[in-house]
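> There's a structure below that I have some questions on.
The values are calculated or read from the model by the stated rules, or taken from the named source; none is laboratory data. Bear in mind the structure is a predicted one, so any value in this text is a computation, not a measurement. Neighbour counts are summed over all protein chains in view; Cβ atoms, including those assigned to glycine, are modelled from backbone coordinates with ideal geometry.
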Amino acid sequence: MNKKVFLIIIIVIFTFIMTGCWNSRELNTLGIATAIGIDWVDGQILATVEIINPRPVKGMSEAKPGDLVRYVQGSGDTIFEAMRNIALKFDRKVFVSQNKILIFGEEFAKRNLIDYFDVLQRDHEFRETAYVLIAKGKRATDVMGIYAGIEEIPGLYIEDVVENKKINPKTVDINISEHIKYYYDSGRQPVLGVIDRKEKSSINKINGSENKKEYELITEGCSIFNREKLVGYLDGKETRALNFVRNEIEGGVIEFPTPLNKADDYSTPTPSAESSLDIGPKISSGKSIFEITRSKTKNDLEIKNGKLMLKTKVKMRGMTGEVVGDVDISKQEAIKLMEESCSRQIKEEIENTIKKVQKDNKVDIFGYGNIVHRKYPKEWRSMKDEWDTIFSQAHVEVEVETHIIRTGLVNTPTNKVKGE
């Protein structure tokens, strides 16, 4: 019994004196990365890393945002080598476990991008939740080091902007892990977010005006990949249409033409027998805003006589955020016309986006291939290798339903008196 007690005491003592991490490092030996840029320069990979400056800055109220970070670079034949070569001219080991953003220059993205993702997945230090962006038409270094928000560390600022997708779906938020998953998805091609630099409009400053140019970053749109290579881009509205098809809308606003407020226009014109064109309700020159509170998309397809029909049905609920035009939305007929106009706007955007991708890029970024796989597993075996070609020749059928559940605090536009 005494031996058991003795052993227990020894074990308890050892739990206190043997604790610790075998590979622990002191904070003052690390350079903590918050953003990494990868470019192809002179036949080599150039890695640019944003490092947080941990030292306190004297007079923080007067410090410039640039004092909070440092930028270091290294070159090599691989990303791993380029990152390690930074140690030849930087006094700390680059620590990437806290990295938030990974930016690839456009020229680099046109290469076999997925090959370079090996180190991002293999090395235990890389953070797979870091968002991946393509510098549209630029190098990664062109969009790094720009301060345009409240957050003064650029990498964290970019992360916050990317996550604004939930309130504006004209962008995508894809991280390292998700991109690798979509690469291996035979029924859907990958897309990645984009980032661009634009010059700010001139603004008078309270503390005086400086003559130097100021830039801001924008993440509107997305990049299209054919497996490992960059093949094109979508603009903001096209990216929103993509998010609708992929059922990835969490919120956002839609601008659509305001219908006319006349009794004769409270019914949608019926096409003549000679024409199947749906000419829709008459509209004014104004625009209205629909704010999305809920969206649900159901995708399907049919194969008839060897022809493929892609079907997408979108249902939206929300409220009017702004009304510009001659319309009294206290009338149910006017609300119905507003719903029809909004539905028509999104329907056209989705149809045009699918047709553009079919014609210009010839890749299925929407995920219709996964529906074929589930619905027609036998046919999919013979179709999957040629799916992108089959997709590019398919017909498209889109249906959109909009439900306005609230109209705000007023029923008539500000420029109208109720009852006019």
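> Would a scan of the range 42-61 turn up a residue that is modelled with pLDDT under 95 and either of a type in the set (Ser, Thr, Tyr) or touching a Phe, Trp or Tyr at 6+ places or on another chain (Cβ under 9 Å) (or both)?
So far as the range 42-61 goes, yes, one or more of its residues are modelled with pLDDT under 95 and either of a type in the set (Ser, Thr, Tyr) or touching a Phe, Trp or Tyr at 6+ places or on another chain (Cβ under 9 Å) (or both).
> OK, next. Among the residues of the range 4-30 satisfying the criterion of being within 30 Å of Asp91 (Cβ to Cβ) and of a type in the set (A, V, I, L, M), which is modelled with the highest pLDDT?
Only one residue fits best here, namely Leu30.
> Of all residues being among the hydrophobic types (A, V, I, L, M, F, W, C) and at pLDDT below 95 in the range 115-155, which is nearest to Ala35 (Cα to Cα)? Just the residue, please.
Filtering the range 115-155 for residues that are among the hydrophobic types (A, V, I, L, M, F, W, C) and at pLDDT below 95, the one nearest to Ala35 (Cα to Cα) comes out as Ile153.
> Let me confirm something: among Ile289, Ile335, which residue is assigned by TED's automatic domain parsing to the domain that holds Ala394 and not in a helix (DSSP H, G or I)?
Ile289
> Among the candidates Val363, Val324, Val398, single out the residue that is within 28 Å of the chain's Cα centre (by Cα), more than 20 Å from Ile249 (Cα to Cα) and touching a residue at least 12 places away in the same chain (Cβ under 8 Å).
One residue alone meets the criteria, Val363.
> Consider only pairs whose beta carbons are under 7 Å apart and that are at least six residues apart or on different chains; among these, list those whose first residue lies in the range 73-98 and is in the same structural domain as Leu120 (by TED's automatic domain parsing) and over 18 Å from Glu128 (Cβ atoms) and whose second residue is surrounded by 18 or more Cβ atoms within 10 Å (Cβ to Cβ) and hydroxyl-bearing (Ser, Thr, Tyr).
Gln73/Thr48
> Within the range 337-355, is even one residue modelled with pLDDT under 95 and touching an Asp or Glu at 6+ places or on another chain (Cβ under 9 Å)?
Yes, the range 337-355 contains a residue that is modelled with pLDDT under 95 and touching an Asp or Glu at 6+ places or on another chain (Cβ under 9 Å).
> State which residue pairs qualify: first residue touching a residue at least 40 places away in the same chain (Cβ under 8 Å) and farther than 16 Å from Gly252 by Cα and inside the range 153-178, second residue part of a strand (DSSP E or B) and among the hydroxyl-bearing types (Ser, Thr, Tyr) in any location, beta carbons under 8 Å apart, and separation of 6 or more residues or different chains.
Pairs found: Ile153/Thr34; Pro154/Thr34; Gly155/Thr34; Leu156/Thr34; Ile158/Tyr131; Glu159/Tyr131; Ile174/Tyr131; Asn175/Tyr131.
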